[in-house]
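Below is one structure; the comments refer to it alone.
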Amino acid sequence: MTAPEVVVHRDGVLLAAVTAARLVTALVDAQAARGTASLVLTGGRTGAAVLEQVRDSPARDAVDWSRVDLYWGDERFLPAGHPDRNETQSRAALLDHVPVDPERVHAVEPSDGRFGDDPDAAAAAYAEVLTARGSVPAFDVLLLGVGEEGHVASLFPESPAVHEHDRTVVAVRDCPKPPPTRVSLTLPAIRHAREVWLMTTGEAKADAVAAALVAANEVDIPAAGATGLSRTLWLLDTAAANKLPPA
């Protein structure tokens, strides 16, 4: 468990641009060190904005995209190609524009996929994807958004999923935000990442950010439990950071 670092940017546009540059550097460094890189993607406006900035960056081709393993921290359990699926949004923002290896793009099965409308089976299959090499990968970078109530991935406060200590992937039902059914990594899986980057913007997130960084436990504010093995990085705009203590 690493102590969090906090970086505050003027606004969401600048946050996305700087985070994209940071991400390209992290992937290049991982490939220089280990030959490949692994990245866990997130949904939401900020997640998509970061990928769009990577797509449009002249530096994007410094990454060998054929040697990047791509995962998702959570997925909305919807049919393949549905515009609300995180996979669909990530492909439109970046993956359809770079030469990824399809065998290295590890998407969660959709609700019209191999397991039909069975999110538990889809979650179990994704857990097997994570452990295909014997153990959950030490992801190089794991990206997360943060919700107004402090959720990350699809781990909501006081939900059964946030209490999970053994499984790495779970089906999540009755989410307070639509769609109600999802598949999500758990906090134990998230904490396998070398670096966890939590990205959020806007004054509506300020209370959750302050609680996660100052006093909350992970059951009440799941973001508080999202930590990296070597780095935990909070990337905020000034509005989301405005309730943090000066230090």
Taking region 116-128 as the region of interest, how many residues are free of Cβ contacts under 8 Å to residues at least 24 places away in the same chain and either crowded, with 17+ Cβ neighbours inside 10 Å or outside any loop (DSSP other than H, G, I, E, B) (or both)? 3
Of the conditions (1) of a type outside the set (S, T, N, Q); (2) open to solvent by less than 10 Å² (accessible area, probe 1.4 Å); (3) in a loop (DSSP other than H, G, I, E, B), Leu233 fails just one. Which one is it? (3)
Of Thr42, Thr46, the only residue that is open to solvent by less than 20 Å² (accessible area, probe 1.4 Å), touching a Gly at 6+ places or on another chain (Cβ under 6 Å) and polar (S, T, N, Q) is Thr42
Name the single residue that is farthest from Ala49 (Cα to Cα) among those in region 177-219 being free of Cβ contacts under 8 Å to residues at least 60 places away in the same chain and of a type in the set (Val, Ile, Thr). Val214
Taking into account only those residues within region 157-216 that are more than 17 Å from the chain's Cα centre (by Cα) and polar (S, T, N, Q), which is surrounded by the fewest Cβ atoms within 10 Å (Cβ to Cβ)? Thr181
From the list Gly113, Gly147, exactly one residue is under 13 Å from the mean Cα position of the chain (by Cα), at pLDDT 95 or above and either surrounded by fewer than 16 Cβ atoms within 10 Å (Cβ to Cβ) or part of a loop (DSSP other than H, G, I, E, B) (or both). Which is it? Gly147
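Residue-wise test of (1) of a type in the set (Lys, Arg); (2) crowded, with 22+ Cβ neighbours inside 10 Å; (3) touching a helix residue (DSSP H, G or I) at 6+ places or on another chain (Cβ under 7 Å).
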| residue | (1), (2), (3) |
| --- | --- |
| Arg10 | yes, no, no |
| Ala32 | no, no, no |
| Thr36 | no, no, yes |
| Ser57 | no, no, yes |
Output for Cβ contacts, cut-off 8 Å, separation at least six or different chains, first residue free of Cβ contacts under 8 Å to residues at least 60 places away in the same chain in region 37-65, second surrounded by fewer than 18 Cβ atoms within 10 Å (Cβ to Cβ) and not in a helix (DSSP H, G or I), reads Arg55/Val98; Arg60/Val98; Val63/Val98; Trp65/Val98; Trp65/Pro99; Trp65/Asp101
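Yes or no, residue by residue, for (1) under 15 Å from Ser38 (Cβ atoms); (2) acidic (Asp, Glu):
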residue	(1), (2)
Asp84	no, yes
Glu87	no, yes
Ala92	no, no
His97	no, no
Val108	no, no
Arg114	no, no
Ala121	no, no
Ala132	yes, no
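The values are calculated or read from the model by the stated rules, or taken from the named source; none is laboratory data. The structure presented is a predicted model; accordingly, all values stated were derived computationally and were not measured. Don't worry about glycine lacking a Cβ; one is built from the backbone with ideal geometry, like all the others, and counts go over all protein chains shown. Remember, those area values only see protein heavy atoms, side chains included, never the ligands or the DNA or RNA. Shrake-Rupley method; radii C 1.70, N 1.55, O 1.52, S 1.80 Å.
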